[in-house]
Amino acid sequence: MPEMRLYNTLERATVPFVPAIPGRVSIYLCGPTVQSEPHLGHGRSAVAFDVLYRYLRWVGYEVEFVRNVTDIDDKIIARANELGVTVDQVAAEASAAFSGANERLGNLRPTEEPLATEHIPEMIEMIGMLIDSGHAYEAEGNVYFAVRSFAEYGKLSRHDLGDLRAGERVEVDDRKRDPLDFALWKAAKPGEPSWESPWGGGRPGWHIECSVMAREYLGDGFDIHGGGSDLIFPHHENEIAQSEAVTGKTFARNWMHNGMLNLSGEKMAKSTGHVVTLLGALDEWDPLAVRLFYLRTHYRKPLDYSVSALVDAEASLGRLRAFRRRSDTGPEGSAHPDILDRFKDAMDDDLDVAGALAVVFDTVRQGNVALDAGKDISSLVAAFDEMMEVLGLTAREIVEADDGSVAALAQEFGIAGGSVEDLLDLRAEARRDEDWETADAIRVGLLGLDITIEDTADGARWHRN
């Protein structure tokens, strides 16, 4: 295996990545809280860790990748009350939106995708263990973790307990012994979902679910815990405290956090309404161009959303597709070793996907020059295809209509002797029916013929590149 180096938030340094079990990697990623459809920032985290998953498998690791779904939470309950529907309905609809967005972005499914509500007995068991060991206490049907009982609290976020104040990312509650303590179990309120427990009816707090599900599927001391940088405190800090207080063992060995996606310089967040919806962006742009937009900035750095950035990503994606069409060859023989070595060097450097993309585009440049000279480029194409697969940029087949014509493409969609306008009409119908697969396939097919679609207020327009 190549030596990979990853930035570990816990150590504040880029360090060699060595899995606990040779040849195997265990990853836990904090997934969505499903109170509404995802925004563009959610897609960034999902794509970043999908590339990590793909790369580790490509270099030969067996990977266990767990991404949870929070389907019970204060925000979900509030949203259900606002809409006058059940909590289950809100969670199911938002979960479907997240799943659909992940599929359109080309993300692979995790090996496990557990729901919080499926693991409440295990959460109750862990809470009981924390009470028995003196790290938690019950108050009026609620259970709180006693933060000062865990001497290492703050080691991930580097927060000093003396600097923390109630109300500043710490929930205010007069029933706590200490303002810094956080809820493990919340007593039931009228009309809210609840489960029976030794402390009465109620539901789990947010933090306990990830501790339980990570241990359930990956055990103690698993390799990588991931999430957005906004989760470092208090969520991930609290996960460490409650998990290690129970076991006395390291919870997660490496912590990876992706940077936030900003809109007009501010973090995209549902709570402020400062968002661009992910599904809206996937409707407006080629989904793989959205993926490429994410990948062009290092996963730990902030990423600024702009229309011009998406336009540029679509143009770059078009260059990649144009090269693959022009090469007109399958990946016969071995991939060019020097190219793959440079690609690995970039990916092993804290998942430097931007550097890896530079290798991809350099391969395109070399390939075009070689094609102009009439040289064989089968090894370049093989390397190109491998790199594109690792980056998830070939989730849809990049193919040209048999005879390179619009009519042949239209025939694939059941339109005899069709024109671009006929295809646009079919695409508009598919979008109205929310048949995104067909709509995206038409757009990709036209891009394969060097025809770009622009969606405007007056309908779709097209032009040849």
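The values are calculated or read from the model by the stated rules, or taken from the named source; none is laboratory data. Keep in mind that what you see is a predicted model, and the values were worked out from it rather than measured. Cβ placement follows ideal geometry from the backbone for every residue including glycine, while neighbour counts extend to all protein chains displayed.
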task = With respect to Ser45, determine if the residue is surrounded by fewer than 21 Cβ atoms within 10 Å (Cβ to Cβ) and either within 11 Å of the chain's Cα centre (by Cα) or closer than 27 Å to Arg215 by Cα (or both).
result = no
task = Scan the range 185-210 for residues that are assigned to a loop (DSSP other than H, G, I, E, B) and farther than 17 Å from Ile77 by Cβ and report the count.
result = 5
Yes/no for Ala101 being surrounded by fewer than 21 Cβ atoms within 10 Å (Cβ to Cβ), closer than 26 Å to Pro287 by Cα and outside the structural domain of Gly392 (by TED's automatic domain parsing) = no
query = All but one of (1) surrounded by fewer than 19 Cβ atoms within 10 Å (Cβ to Cβ); (2) over 24 Å from Ile21 (Cα atoms) hold for Gln242; which doesn't?
reply = (1)
remark   = Here, helices (runs of 4 or more DSSP H) confined to the range 211-326 with at least 1 residues that are in the same structural domain as Thr33 (by TED's automatic domain parsing) and in contact (Cβ under 8 Å) with a residue 40 or more places away in the chain are 237-247
remark   = Reported set for the range 369-396 where residues are of a type outside the set (D, E, K, R), over 17 Å from Asn107 (Cβ atoms) and surrounded by 14 or more Cβ atoms within 10 Å (Cβ to Cβ) is Ala370, Leu371, Ile377, Ser378, Ser379, Leu380, Val381, Ala382, Ala383, Phe384, Met387
message = With in a helix (DSSP H, G or I) and modelled with pLDDT of 95 or more as the only criterion, which of Arg54, Arg5 stands out?
response = Arg54
inquiry  = Restricting to the range 149-177, and then to whatever is among the basic types (Lys, Arg), modelled with pLDDT under 95 and within 21 Å of Ala245 (Cα to Cα), can you tell me which residue is farthest from the chain's Cα centre (by Cα)?
reply    = Arg177
request  = May I ask you to list the residues in the range 397-438 that are surrounded by 15 or more Cβ atoms within 10 Å (Cβ to Cβ) and modelled with pLDDT under 75?
outcome  = Ile398, Glu400, Ala401
inquiry  = Of everything in the range 77-119, what is under 20 Å from Leu279 (Cβ atoms), under 21 Å from the mean Cα position of the chain (by Cα) and assigned to a loop (DSSP other than H, G, I, E, B)? Give them in sequence order.
reply    = Leu105, Gly106, Asn107, Leu108, Arg109, Glu113
remark   = Here the qualifying pairs (Cβ atoms under 8 Å; residues six or more apart or on different chains; first in the range 23-34 and closer than 23 Å to Asp74 by Cβ and free of Cβ contacts under 8 Å to residues at least 12 places away in the same chain; second part of a loop (DSSP other than H, G, I, E, B) and among the small types (Gly, Ala, Ser)) come out as none
inquiry  = Residue pairs, Cβ under 7 Å, 6 or more apart or interchain, first in the range 438-455 and at negative phi, second in a helix (DSSP H, G or I) and among the acidic types (Asp, Glu). List them.
reply    = Asp455/Glu284
key: Leading residue by the ranking (surrounded by the fewest Cβ atoms within 10 Å (Cβ to Cβ)) among those in the range 109-135 that are among the hydrophobic types (A, V, I, L, M, F, W, C) and without any contact (Cβ under 8 Å) to a residue 60 or more places away in the chain   = Leu115
ask   = How about the range 27-42: which of its residues are in contact with a Phe, Trp or Tyr (Cβ under 6 Å, 6 or more places away or on another chain), under 21 Å from Arg215 (Cβ atoms) and not in a strand (DSSP E or B)?
value = Pro32
